[in-house]
1. So if each residue of separation counts as 0.36 nm, and I subtract the Cα-Cα distance between Tyr145 and Lys22, what length gain in nm does that give?
2. Please list Val121, Val116 from largest to smallest accessible area, probe radius 1.4 Å, with all protein chains kept in place.
3. Sorted by accessible area (1.4 Å probe), largest first, how do Arg110, Arg76 line up?
4. If you stretched the chain out fully between Cys29 and Thr8, how much longer would it get, using 0.36 nm times the residue separation minus the C-alpha to C-alpha distance?
5. For labels at Asn174 and Lys137 in the simple 7 Å Cα→Cβ model, what's the distance in nm?
6. Would you kindly find the accessible area of Phe156, with a 1.4 Å probe and non-protein molecules such as ligands, DNA and RNA excluded, rounding to the nearest 10 Å²?
7. Using every Cα-Cα pair within region 121-184, state what percent have a distance larger than 15 Å.
8. What are the extents of the Cα atoms of region 106-145 along their three principal axes, in Å, largest first?
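The values are calculated or read from the model by the stated rules, or taken from the named source; none is laboratory data. All figures in this text were calculated on a predicted structure; none of them were measured in a lab. For neighbour counting, all protein chains shown are included, and Cβ atoms are generated from backbone atoms with ideal geometry for every residue, glycine included. These area figures cover heavy atoms from the full protein model, side chains too; ligands, DNA and RNA do not enter into them. Shrake-Rupley method; radii C 1.70, N 1.55, O 1.52, S 1.80 Å.
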Amino acid sequence: MNDQQTGTIYTCPMHPEIMQDKPGNCPKCGMNLVKAEKTADVSHSEIKESEEHSASTSLQHQLQKYTCPMHPHILRDGPGKCPICGMNLEPVAGGAHGSVNHTGMIADFRRRFIVVLILTVPIMLLSEMIQQWLNFKIDFPGAKYVLLGLSSVVYFYGGWPFVKGLVGELRVKNPGMMTLIGFA
């Protein structure tokens, strides 16, 4: 039984809107297509229609897929969580680049960056090494505990998406970028 009979869909890891019913290369970037994990059957005619009429808005609405920003080969018919890293699935955009809509993820990372940046200033000022280099002294009872608390907030709040991704990747025994960043 071949892939066309079983309904297997192949997609590009970098361009999840590219869907074919047989292995091959992505027409946009040339990467090898990988099997897409999906939750509903898509018929051969729907795939051909998708390839031929990708600009059609009614077809895009019918075939709205959701993918993981870190694992674009994960395709689902509705929103949810990535089974590998646990990140929220994003809708596949039908824009010129066919990329995933990263707006929510970018806003979250920007908010985390600003909070971490603000908390880094007192951490640096309470650091003994920085005080030694700049020849000043800030000392009060409990300064080391304040430094520990602020540093913990920076690590866990700022790094939570990476720690969550690390746990998800290790849970499925598939270490990747999130594992590398989480350990770092």
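1. On the way: separation 123, 0.36 × 123 = 44.28 nm, distance 5.91 nm.
Result: 38.4 nm gained on full extension.
2. Values: Val121 85, Val116 30 Å².
Reading off the accessible areas and sorting them downward yields Val121, Val116.
3. Values: Arg110 140, Arg76 45 Å².
Sorted descending by solvent-accessible area, the residues read Arg110, Arg76.
4. Details: separation 21, 0.36 × 21 = 7.56 nm, distance 2.13 nm.
Using 0.36 nm per residue and subtracting the Cα-Cα distance, I get 5.4 nm.
5. For the pair Asn174/Lys137, the computed spacing is 5.6 nm.
6. Approximately 110 Å² for this residue.
7. 60 percent
8. 38, 22, 10
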